[in-house]
Amino acid sequence: MRERLEQWSADIPFKVKLGMVWGVIALIVVFLFSLADFDVQWMLDHLWFIAQGLPWTIIICGLAIILAVTLALFGALGRLSNSAVAQGVTGFYTSFFRGTPLIVQMFLIFLALPQLAPPNLPGLRDSLTLTALQAGVIALGLNYGAYMTEIFRAGIQSVGHGQVEAAEALGMTYRQRMRRIVLPQAIRLIIPPTGNEFIAMLKDSALISLLGSVVAQMEIFRRAQLVGRADFRPLEAFVVAAALYWILTTIFQVFQAKLEQRLSTGYVRTLRVSTQPGVELVESEPA
Amino acid sequence: MTEPVVRVSQLHKSFGDNEVLKGIDLDVTRGEVVVIFGRSGSGKSTLLRCINFLEEPTSGTIEVGGVRLEPGPRTHRQREAIRSVRIKAGMVFQEFNLFPHLTVLENVIEAPVTVKGQDRAHSVAVAEELLAQVGLADKRDEHPIRLSGGQKQRVAIARALAMEPEVMMFDEPTSALDPELISEVLSVMRSLATETQMTMMVVTHEMGFAREVATSMAFFHEGLIVEQGPPGQVIADPQHAQTKRFLEAVL
Ligand SMILES: Nc1ncnc2c1ncn2[C@@H]1O[C@H](COP(=O)(O)OP(=O)(O)OP(=O)(O)O)[C@@H](O)[C@H]1O
Ligand SMILES: [Mg+2]
């Protein structure tokens with residue numbers, strides 16, 4: 001019996017088997033949901049409302065990743081510099097934002113920042129009072145920037161010392177060296193992990209819902225919470241939200257994989273045997 | 001004529017407790033080709049790297065094209081002085097160090113445009129001439145990874161020349177090359193010396209090249225120049241026992 005089963009299994013291509021496993025898991029999930037008095041019609045009716053949060057989720061993460069990349073660049077340059085001020089500031093920054101929970105940072109920026117303004121300066125206080133969305137973007141940017149400092153640092157350090165010396169020997173200043181020689185070479189190592197951070201950020205942006213936000217600016221999870229609570233259908237609402245996040249990250253993961261492939265094949269040396277002397281090293285064509 | 005392009009006085013350099021240069025004095029006048037040779041670890045590279053402050057000397061003075069440098073904190077003025085020395089003293093490395101993300105032409109025009117602020121079209125015209133001079137006009141749009149070692153080194157020479165330096169420093173420019181590629185680089189260097197009268201400091205163990213091109217040879221031993229003179233004299237009749245022993249080993 002067991003022998004027969006193994007024989008039978010060996011004949012099926014691996015990909016087919018993998019598809020069958022996914023199918024079975026999907027069936028089990030559907031079965032479990034059917035036990036839980038699951039209102040599929042409600043989900044379809046409210047899908048559009050929740051999905052309207054998609055652009056906000058993407059905008060939030062788009063802005064936050066720009067902030068994070070900027071901070072990570074300066075963070076990395078600071079950590080690699082030999083100035084005590086630069087090292088101190090960036091060291092403090094990365095230590096704090098990596099050492100405390102993101103949700104705590106969000107609330108600090110949302111609630112504590114306005115308190116910093118002296119009471120006799122109501123104008124300043126108003127400008128320090130951020131919307132949930134603004135606070136969320138800044139917190140995400142600061143937090144991810146702190147983690148990405150390491151990515152940028154590794155990328156910059158991967159550029160050989162000989163490159164820096166050649167640029168120095170030509171009379172380039174620090175800025176010229178970084179802008180023209182080091183960063184353009186570091187970038188191909190920095191982009192793939194930055195894509196991963198962006199995907200992680202898409203998920204973490206759900207935390208912003210905890211700050212509350214005006215109806216016009218709600219991202220996916222906040223919308224799900226709102227309709228789910230109103231209609232006493234929280235489970236259905238969260239399933240819709242989960243599905244939307246899943247689709248979103250999967251799409252970006254595909255992009256990410258493509259990008260990574262492109263970047264890795266650009267400069268890679270492929271050793272090709274050649275009858276002509278001096279042309280053994282040939283750059284492989286980008287995919 | 002008598003005013004030296006490079007003047008090194010009482011140059012000392014230590015790495016921790018290891019004193020690598022023990023008081024070097026060396027003048028290089030315009031049009032001179034000084035070949036520096038000596039055992040591995042005797043401090044030849046360190047000398048060149050101290051001249052353009054890739055390595056900060058421990059003490060002593062450097063003068064290149066009238067700009068005087070002494071070790072000291074990197075203030076704004078010091079940084080600018082270092083930069084002007086680096087612009088006047090071109091350097092060619094053993095490992096080429098071409099910029100892999102730029103094409104051959106872009107490698108050559110990078111510093112003239114970025115550092116000197118030269119007009120791009122003018123820099124391109126100059127770069128094309130220099131590439132023709134080193135025999136690589138047809139490679140202008142290739143990336144360095146597609147070049148052989150000898151071709152890379154010739155591009156590196158063109159890149160340094162594009163800054164119109166007053167002196168060219170070569171640190172073992174042919175040591176990383178396969179034997180059959182050495183001569184193409186040496187012949188570019190030879191014509192640089194004989195046709196354009198470039199002032200050169202060359203660390204090399206290519207004694208054929210030295211005999212033919214050098215106006216002066218300096219033998220390094222344990223951080224000091226123990227012997228210096230015209231190649232005919234140094235090679236044929238070395239005065240110092242260490243020079244004699246070294247030459248017997250390489251010739
Ligand atoms: N950055 C550094 N830190 C510590 N020691 C160094 C450094 N650079 C060079 N040295 C030491 O200085 C000494 C001289 O080195 P240098 O590279 O100048 O020798 P060289 O004459 O050029 O030798 P080679 O023929 O091997 O290139 C060596 O003992 C080396 O270990
Ligand atoms: Mg050396």
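The values are calculated or read from the model by the stated rules, or taken from the named source; none is laboratory data. All values reported here derive from a predicted model rather than from experimental measurement. Using ideal geometry, Cβ is built from the backbone for each residue, glycine included, and neighbour counts are taken over all protein chains shown. Ligands, DNA and RNA are stripped out before the accessible areas are found, and what is left, the full protein with its side chains, is counted by its heavy atoms. Shrake-Rupley method; radii C 1.70, N 1.55, O 1.52, S 1.80 Å.
Assuming R0 = 51 Å, what is the FRET efficiency of A:I191 and B:A236, from their Cβ-Cβ distance, to the nearest 0.05? Once rounded, the FRET efficiency stands at 0.30.
Each residue was assigned an accessible area with a 1.4 Å probe, and for A:I199 the value is about 10 Å². Looking at the protein assembly as shown, the DSSP beta bridges with both ends there are about 60 percent antiparallel. Ordered by 1.4 Å accessible area with all protein chains kept, A:Y245, A:Y147 run largest first as A:Y147, A:Y245. Note on A:K15: aspartates and glutamates with a C-alpha under 17 Å away, same-chain residues under 8 apart excluded, are A:E6. Legend: residues B:S191, B:S183, sorted from most to least accessible area (1.4 Å probe; ligands, DNA and RNA excluded), read B:S183, B:S191.
A:E3 exposes around 120 Å² of accessible area when a 1.4 Å probe is run over every protein chain in place.
Annotation: the antiparallel percentage among DSSP beta bridges lying fully within chain B is about 55. In the context of the full set of protein chains, chain B has a per residue accessible area of 42 Å² (1.4 Å probe). Mean-square fluctuations from a GNM of chain B, with a 10 angstrom spring cutoff on Cα atoms, peak among B:P100, B:P230, B:P238 at B:P100.
Segment A:R2..A:L124, full-extension length gain: 36.3 nm, with 0.36 nm per residue of separation and the alpha-carbon distance subtracted. The chymotrypsin sites (Phe, Trp or Tyr not before Pro) found in segment A:1-62 that occupy coil by DSSP, while having at most 16 further C-beta atoms within 10 Å, are A:F38. For the residue pairs A:K258/B:K152; B:K22/B:K88; B:K44/B:K244; B:K13/B:K139; B:K116/B:K139, alpha carbon separations beyond 29 Å are given by A:K258/B:K152; B:K13/B:K139.
Given a 1.4 Å probe, show me the residues in segment B:99-119 buried by at least 20 Å² of accessible surface when comparing the whole protein assembly to the chain alone. Residues shielded by partner chains are B:F99, B:P100, B:H101, B:E110, B:A111, B:T114, B:V115.
Does the protein assembly as shown classify as rounded, prolate or oblate by the C-alpha gyration tensor (a ≥ b ≥ c root eigenvalues; a/c under 1.5 gives rounded; else a/b over b/c gives prolate, otherwise oblate)? In terms of gyration-tensor shape, prolate. Using a 1.4 Å probe on the heavy atoms of the protein chains only, list every residue of segment A:149-174 that has 40 Å² or more less accessible area in the complete assembly than in its chain alone. Buried by the other chains: A:Q163, A:E165, A:A166, A:E168, A:A169, A:L170, A:G171, A:M172.
With a Förster radius of 51 Å applied to the beta-carbon distance between B:R146 and A:W42, the computed FRET efficiency rounds to 0.25. The alpha carbon gyration tensor of segment A:44-264 gives principal lengths a ≥ b ≥ c with a/c of 1.5 or higher and a/b no greater than b/c, which makes the shape oblate.
The A-B contact accounts for roughly 2300 square angstrom of buried accessible surface, both chains included, probe 1.4 angstrom.
Considering only protein heavy atoms and a probe of 1.4 Å, how much of the accessible area of segment B:6-162 is carbon and sulfur, as a whole percent? Answer for segment B:6-162: carbon and sulfur cover 45 percent of the accessible area. For segment A:44-264, the solvent-accessible area with a 1.4 angstrom probe is 50 square angstrom per residue. Residues whose amide H lies under 5 Å from that of B:S216, counting only those 5 or more places away or on a different chain, are B:V33, B:V35; hydrogens are built 1.01 Å from N in the peptide plane. For segment B:53-61, backbone phi angles converted through the Karplus equation (6.51, -1.76, 1.60; θ = phi - 60°) give residue-by-residue couplings of 6, 5, 10, 7, x, 7, 7, x, 10 Hz, Gly and Pro being listed as x.
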